[in-house]
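Below is one structure, written out as structure tokens; comments come after it.
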Amino acid sequence: MSITAEIRVGDKTLPLPVIVGTEQEVGLDIQALRDKTGAVTFDPGYGNTGACESAVTFLDGELGILRYRGYPIEQLAGKVSFLEVSWLLLKGELPNAAELAAFTAAEKAHRALPAHVHAIIAAFPADAHPMAILSAATLSLSSTYLADEKVTEAGLNKSQLLLLAQFPTIAAAIYRKGKGLAAVAPDAKLAYSANFLHMMFEGTGNAAAGDPEIAKALDLLLILHADHEQNCSTSTVRLVGSAQTDYFASIAAGITALWGPLHGGANQAVIEMLDGIVAHGGDVNWAVAQAKDKDSSFRLMGFGHRVYKNFDPRATIIKVQADVVLGKLGKNDPQLGIAKGLEEAALKDEYFVARKLYPNVDFYSGIIYRALGFPYGLFTVLFAIGRLPGWTAHWNEHNAGKAKIGRPRQIYTGKNARDVVELSKR
Ligand code: SDX
């Protein structure tokens, strides 16, 4: 497909090089725009702006397509392990048996936390949000590993392996500290998600610890969250990394971006919203009316997406998983019925149809997490554990190229030049 483009600014016409991606997406290369015309583009929220070329993930919001390194999410979720998907995102190919065995052994060998991380977790106030603690713990690791790890190709890979191995250990330590329980040591006999459930719930009477089917369901959820191209937190990791900031600090920044309720924090906000609807007699129509009322601050959390304007393929899979997991646990959660009722009502309502608002990845996931016994504050930490390999793949991709520091321009709308007036005359 040969496409030409040009832009006319006043009496200047600038031919624009055109980039066509492997999925035929068209990008207008405007790198010379300001030099040649003096103008910049204006695109708050970057909805029309390609920040980079990337080979990690492809998604098509109109068709509801999501592929990691070319593999459709439907072929990965529940069919390969989260560690295999992590390797895929980081290396570009699914691991063979030898690679997976070595990767698994290395991950298992590095799950334990340095002592100072436990001290950081303990030092946070009891009501601190787990995402704040996760970010601080992650940031602290840059003083532990890179100091004695030469930042070589291997060193960098080891740092990234360390974080993948230790995220669940940090999450479990945060949870057990909050419960006044001693941390549970990682168990190298257990696979990634089974070990996480073990460290979380061992000795608490929660049957999720030690249940292989629950571990498989959690692994599937982590896979569904593993990457999503240039979302807010991934763009944050790339931007911070573009300043040659160290890997751990870049991830710590991504964690704080994900925390926002408009982004990954929505999975916690959805459950809190559903609690509110339960308190309102489970009145779905009331909630839909509130969501449409411009004078109401109520938003249907877990609905809408910047890119998906049809359906979020992850939500489709998670909705099925909710029935499977709650059925397995013998739990009858009224919130699941309310969530399905909300989806049904919204999909028939012109307000949502006209704005192409459909359930996103966060709409049903919290129902599963709650059924598994995770506290609300840990839901977005689970999202971060899933997203870590994606963040890392993008950080590596940005730094592998001729990484320019990210520095957007602006349109200034403030005061024109004026002179300072001395205090006595102000
Ligand atoms: C994630 O980008 C990614 O890939 C993110 C993610 C990933 O994997 O990384 O997929 C994960 O962050 C999913 C999104 C989780 N957030 C939520 O569920 C929060 C609720 N949803 C929204 O606030 C909103 O839909 C966003 C933030 C997701 C998208 O916002 P946009 O694209 O900026 O759209 P917008 O806010 O401009 O809304 C457009 C219209 C507005 O109405 P009008 O002004 O046109 O009348 O739709 C309305 C909005 O008021 N609208 C909603 C709504 N979402 C949008 N109205 C009610 N309820 C909602 N949830």
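A quick yes/no check of all residues on (1) more than 20 Å from Val270 (Cα to Cα); (2) among the hydroxyl-bearing types (Ser, Thr, Tyr); (3) assigned to a helix (DSSP H, G or I):
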residue: Leu326; (1), (2), (3): no, no, yes
residue: Gly337; (1), (2), (3): no, no, yes
residue: Gly341; (1), (2), (3): no, no, yes
residue: Phe363; (1), (2), (3): no, no, yes
residue: Ile367; (1), (2), (3): no, no, yes
residue: Val381; (1), (2), (3): no, no, yes
residue: Trp395; (1), (2), (3): yes, no, yes
residue: Pro408; (1), (2), (3): yes, no, no
residue: Lys415; (1), (2), (3): yes, no, no
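Consider Asp333 carefully, then state whether it is away from the ligand (no atom under 15 Å from the Cβ) and either among the charged types (D, E, K, R) or under 25 Å from the mean Cα position of the chain (by Cα) (or both).
Yes: the conditions hold for Asp333.
Does at least one position in region 65-73 carry a residue that is in contact with a Lys or Arg (Cβ under 8 Å, 6 or more places away or on another chain) and at pLDDT 95 or above?
Checked region 65-73: at least one residue is in contact with a Lys or Arg (Cβ under 8 Å, 6 or more places away or on another chain) and at pLDDT 95 or above.
If only one of Ala55, Ala51 is small (Gly, Ala, Ser), touching a residue at least 24 places away in the same chain (Cβ under 8 Å), closer than 25 Å to Gln410 by Cβ and not in a strand (DSSP E or B), which one is it?
That would be Ala51, the only listed residue that is small (Gly, Ala, Ser), touching a residue at least 24 places away in the same chain (Cβ under 8 Å), closer than 25 Å to Gln410 by Cβ and not in a strand (DSSP E or B).
Taking region 301-316 as the search range and keeping residues that are near the ligand (Cβ under 9 Å from one of its atoms) and not basic (Lys, Arg), which one is surrounded by the fewest Cβ atoms within 10 Å (Cβ to Cβ)?
Applying the filter and picking the extreme gives Val307.
For region 365-408, name all the residues that are closer than 25 Å to Thr41 by Cβ and surrounded by fewer than 18 Cβ atoms within 10 Å (Cβ to Cβ). If you could, list the steps in order and put the result at the bottom.
Looking only at region 365-408, we keep the residues that are closer than 25 Å to Thr41 by Cβ, and these are 394, 397-398, 401-408.
Residues satisfying the conditions are Gly401, Lys402, Ala403, Lys404, Ile405, Gly406, Arg407, Pro408.
Please enumerate the residues belonging to region 239-270 that are within 13 Å of the ligand (Cβ to nearest atom) and either surrounded by fewer than 23 Cβ atoms within 10 Å (Cβ to Cβ) or over 28 Å from Lys319 (Cβ atoms) (or both).
Ala257, Trp259, Gly260, Pro261, Leu262, His263, Gly265, Ala269
Go through Ala188, Ala183, Ala226, Ala208 for me and flag whichever is outside any helix (DSSP H, G or I) and either in contact with a Pro (Cβ under 6 Å, 6 or more places away or on another chain) or not assigned by TED's automatic domain parsing to the domain that holds Lys108 (or both). Walk me through it before giving the result.
Numbers: Ala188 fails: either in contact with a Pro (Cβ under 6 Å, 6 or more places away or on another chain) or not assigned by TED's automatic domain parsing to the domain that holds Lys108 (or both); Ala183 fails: either in contact with a Pro (Cβ under 6 Å, 6 or more places away or on another chain) or not assigned by TED's automatic domain parsing to the domain that holds Lys108 (or both); Ala208 fails: either in contact with a Pro (Cβ under 6 Å, 6 or more places away or on another chain) or not assigned by TED's automatic domain parsing to the domain that holds Lys108 (or both).
Only one candidate qualifies: Ala226.
What are the residues in region 108-131 that are more than 19 Å from the chain's Cα centre (by Cα) and farther than 22 Å from Ser143 by Cβ, if any?
Filtering region 108-131 for residues more than 19 Å from the chain's Cα centre (by Cα) gives 108-128.
Scanning region 108-131 gives Lys108, Pro125, Ala126, Asp127.
Considering each of Ala32, Ala109, Ala55, Ala51 in turn, give the residue that is more than 26 Å from Ala215 (Cα to Cα), hydrophobic (A, V, I, L, M, F, W, C), touching a helix residue (DSSP H, G or I) at 6+ places or on another chain (Cβ under 9 Å) and more than 16 Å from the ligand (Cβ to nearest atom).
The conditions single out Ala55.
This table checks each residue for (1) surrounded by fewer than 24 Cβ atoms within 10 Å (Cβ to Cβ); (2) farther than 30 Å from Glu53 by Cβ.
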{"position": "Arg176", "(1), (2)": "yes, yes"}
{"position": "Ala183", "(1), (2)": "yes, yes"}
{"position": "Phe196", "(1), (2)": "no, yes"}
{"position": "Phe201", "(1), (2)": "no, yes"}
{"position": "Val237", "(1), (2)": "no, no"}
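Condition first: on the phi > 0 side of the Ramachandran plot and charged (D, E, K, R). Can you find one or more residues in region 225-237 that meet it?
Let us first name the residues in region 225-237 that are on the phi > 0 side of the Ramachandran plot, namely 229.
The next check asks that each one be charged (D, E, K, R); those that pass are 229.
So far as region 225-237 goes, yes, one or more of its residues are on the phi > 0 side of the Ramachandran plot and charged (D, E, K, R).
Can we say Leu378 is in contact with a strand residue (DSSP E or B) (Cβ under 7 Å, 6 or more places away or on another chain) and either assigned by TED's automatic domain parsing to the domain that holds Val85 or in contact (Cβ under 8 Å) with a residue 12 or more places away in the chain (or both)?
no
Please go through region 121-135 and pick out each residue that is surrounded by fewer than 18 Cβ atoms within 10 Å (Cβ to Cβ), farther than 19 Å from Trp391 by Cβ and of a type in the set (A, V, I, L, M).
Ala122, Ala123, Ala126, Ala128, listed by residue number.
Restricting to region 99-122, what's the tally of residues that are touching a residue at least 12 places away in the same chain (Cβ under 8 Å) and in a helix (DSSP H, G or I)?
Summing the residues that are touching a residue at least 12 places away in the same chain (Cβ under 8 Å) and in a helix (DSSP H, G or I) in region 99-122 gives 14.
Could you please find all residues in region 368-426 being closer than 30 Å to Thr169 by Cα and polar (S, T, N, Q)? Working first, answer last.
To start, the set of residues in region 368-426 that are closer than 30 Å to Thr169 by Cα comprises 368-400.
Correct list: Thr380, Thr392, Asn396, Asn399.
The values are calculated or read from the model by the stated rules, or taken from the named source; none is laboratory data. Treat the numbers as computed from the prediction; the structure is a model and nothing was measured. Quick reminder, even Gly has a Cβ in these numbers, built from the backbone with ideal geometry, and neighbours come from all protein chains shown.
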